[in-house]
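*Asks:* Could you have a look at this structure, given as structure tokens, before my questions?
Just so it is clear, none of the values below were taken in a lab; they were calculated from the coordinates. Note that the structure is predicted; figures quoted are calculated from it, not measured. Counting neighbours? That spans all protein chains shown, and the Cβs are built from the backbone with ideal geometry, glycine included.
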Amino acid sequence: MRVYNMETTTLDQIKDKYYGVIGTPERDRLERDLETLRIGLKIRSAREKKDMTQEELANRINKKRSFISKVENDGENLTIKTLFDIVERGLGGKLNIQVEL
């Protein structure tokens with residue numbers, strides 16, 4: 001019988017190793033990029049829960065379907081005003097923004 005010594009590595013340890021610790025420029029860029037992806041995924045998830053198409057959501061906020069697709073896929077260049085429009089006008093939800101120092 002073989003016994004394996006397997007160590008568990010956390011995602012934060014992997015990010016520390018390959019991108020540096022939090023506070024370094026490359027790691028901070030990675031964390032911002034991941035957060036924009038999370039925003040897009042949350043918007044997609046909320047839209048799907050409302051059984052809405054991208055076209056329907058876009059029409060509610062006077063944007064093109066391709067804009068909603070881009071937001072859901074990468075979330076980049078999204079203004080706070082547009083984020084409020086998507087969540088509140090488009091999805092009928094409430095947006096809460098948190099700032100941590």
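*Asks:* Given G20, T10, F67, which one lies farthest toward the positive end of the charge dipole of the chain, if we put +1 on the Cβ of every Lys and Arg and -1 on the Cβ of every Asp and Glu?
*Replies:* So the residue we want is F67.
*Asks:* Working from Cα positions, state the angle (0 to 90°, nearest 10) between the long axis of helix 25-49 and the longest principal axis of the chain.
*Replies:* Relative to the chain, helix 25-49 is tipped by roughly 50 degrees.
*Asks:* Here is a follow-up. Per DSSP helix of 4 or more residues, -39500 (n - 2.57); summed, then divided by the residues of the chain. What does that give at 222 nm, rounded to the nearest 500?
*Replies:* Taking each H run of at least 4 residues, the total per residue is -17000 deg cm²/dmol.
*Asks:* Sticking with this structure for a sec: Net charge near E100: determine it from the other residues with C-beta under 13 Å of the C-beta of E100, scoring Lys and Arg +1 and Asp and Glu -1.
*Replies:* -2
*Asks:* For the range 53-101, restrict the atom set to alpha-carbon positions and state the Rg and Dmax in Å.
*Replies:* 11.2, 38
*Asks:* Let's test this: bin the Cα-Cα distances of the range 1-68 at 10 Å from zero up to the farthest pair and state each bin's percent.
*Replies:* 17, 28, 19, 23, 9, 3, 1
*Asks:* Relative contact order (percent) for the range 1-71, with alpha-carbon contacts under 8 angstrom and 6 or more residues of separation? Intermediate values should be presented prior to the final figure.
*Replies:* Values: 28 pairs, mean separation 9.6, N = 71.
It rounds to 14 percent for the range 1-71.
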